[in-house]
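The values are calculated or read from the model by the stated rules, or taken from the named source; none is laboratory data. Note that the coordinates shown come from a computational prediction; the quantities given were computed from them, not determined experimentally. Using ideal geometry, Cβ is built from the backbone for each residue, glycine included, and neighbour counts are taken over all protein chains shown. Accessible surface areas use protein heavy atoms only, side chains included; no ligands, DNA or RNA. Shrake-Rupley method; radii C 1.70, N 1.55, O 1.52, S 1.80 Å.
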Amino acid sequence: MSQYPSVAPGQSTFKLNTGAEIPVVGLGTWQSPPGEVAKAVEAAIKAGYRHIDAAWIYGNEEEVGQGIKASGVARSELFVTTKIWGTYHRQPEACLDESLQKLGLEYVDLVLVHWPVPLEKRGDEKIPLNPDGSRALDRDWTPEQTWEQMEKLPATGKAKAIGVSNWSVPYLERLLAKAKTVPAANQVELHPFLPQHELVKFCQSKGILMQAYSPLGSSGGPVLQDELVQSIAKAHSADPAQVVVSWAAQRGVVALPKSVTPSRIETNHKLITLTDDEMLKLNELHQQEGKSIRLVSPNWGVDLEW
Ligand SMILES: NC(=O)c1ccc[n+]([C@@H]2O[C@H](COP(=O)([O-])OP(=O)(O)OC[C@H]3O[C@@H](n4cnc5c(N)ncnc54)[C@H](OP(=O)(O)O)[C@@H]3O)[C@@H](O)[C@H]2O)c1
């Protein structure tokens, strides 16, 4: 018997620690350009997606909302996530209000703290910088204080569940030591070049659902060029994107592939069933020389010392 739980192709779901169902594959919307996002979201929902991953900082939530509306699918059938940006750590509800207004929604299904790094609030500046180019951190505020604010959101009815993004094990340990609510999810960069084995194990032991961002390797989908990924795709007569999305799903991890190309949107969410041997090879790919790569690494200039 396989050591991996089977994930049925099509619209499968995982369960959050709130009891809510979350579709295993969601459409990413970062860097989806103006004029294309609404169409991509509409195409995805029409192709069967029921999960859309948005964020305040992506600057395109108005179009995401238009795409949702144009799809004609009832709000109650969709799972929508947004994220609180660093400049709003002291007031996450204000950020959520802006996102809801732009999305044209009354609530989101999940709201995440985008990064565990509070940034200075300087008017409308999205990414306040220090003179050396690093990001201007708000060092008088901790991620745990942000979480205390987040914990108030479900009672407002504006977010059904709360979670985090880009939290490592040490950050989660700090948070869990004080939290009243265990985060429902942790969204991080995760693909075969950065499988996050330790973090997945930790989160799963605490009932925190893992979500894979940049599952294809981000811009241009470099992971899809990998020889192993391509050979497994060939063996299943599938697209390489289906291999990496299904690999995440079979590990119990939600995958959030982004595309604005209708044919890719259509393909990316169709899960295939990988064998244990294929899973093992993909799990170990990062051990090969040159195959351990983090692609999303903003210059936070962060340490754990505040
Ligand atoms: N929480 C966070 O801090 C964070 C950070 C990064 C990302 N995210 C979320 O995760 C989502 C996905 O990550 P991502 O946008 O970085 O990258 P990704 O989904 O790994 O890759 C997107 C790239 O792959 C291309 N692509 C899509 N399907 C393909 C296919 N079947 N064959 C070949 N190329 C394909 C896309 O091109 P086209 O669009 O031109 O088709 C795009 O260039 C984001 O959109 C966002 O929602 C969250």
query: In the range 23-64, how many residues are of a type in the set (G, A, S) and within 18 Å of the chain's Cα centre (by Cα)?
result: 8
message: Among the listed residues S32, S76, S12, identify the single one that is polar (S, T, N, Q) and either within 16 Å of the ligand (Cβ to nearest atom) or buried (at least 18 other Cβ atoms within 10 Å of the Cβ) (or both).
response: S32
task: Considering only the range 257-287, state which residues are open to solvent by 30 Å² or more (accessible area, probe 1.4 Å), touching a Leu at 6+ places or on another chain (Cβ under 9 Å) and in a helix (DSSP H, G or I).
output: K281, H286
query: Do any residues in the range 186-199 that are over 15 Å from A241 (Cβ atoms) and open to solvent by 20 Å² or more (accessible area, probe 1.4 Å) have Cβ atoms under 6 Å from those of residues that are more than 11 Å from the ligand (Cβ to nearest atom) and part of a loop (DSSP other than H, G, I, E, B), where the two are at least six apart or on different chains, and which pairs are they?
result: L194/R294
query: In this structure, does I22 turn out to be at pLDDT 95 or above, out of contact with any helix residue (DSSP H, G or I) (no Cβ under 8 Å at 6 or more places or on another chain) and either surrounded by fewer than 24 Cβ atoms within 10 Å (Cβ to Cβ) or not in a loop (DSSP other than H, G, I, E, B) (or both)?
result: yes
In the range 204-225, the residues that are open to solvent by 10 Å² or more (accessible area, probe 1.4 Å) and either more than 14 Å from the ligand (Cβ to nearest atom) or touching a residue at least 60 places away in the same chain (Cβ under 8 Å) (or both): Q204, S205, K206, G207, L209, Y213, S214, S218, S219, P222
- prompt: Between residues in the range 69-97 that are acidic (D, E) and at pLDDT 95 or above and residues that are assigned to a helix (DSSP H, G or I) and open to solvent by 10 Å² or more (accessible area, probe 1.4 Å), which pairs lie under 8 Å by C-beta distance while being six or more apart or on different chains?
  reply: E93/Q149; E93/T156
task: Have a look at K69, K126 and point out the one that is within 15 Å of the ligand (Cβ to nearest atom) and surrounded by fewer than 19 Cβ atoms within 10 Å (Cβ to Cβ).
output: K126
Residue that is under 17 Å from N283 (Cβ atoms), away from the ligand (no atom under 16 Å from the Cβ), basic (K, R) and out of contact with any Cys (no Cβ under 8 Å at 6 or more places or on another chain), where the choices are K180, K201, K160: K201
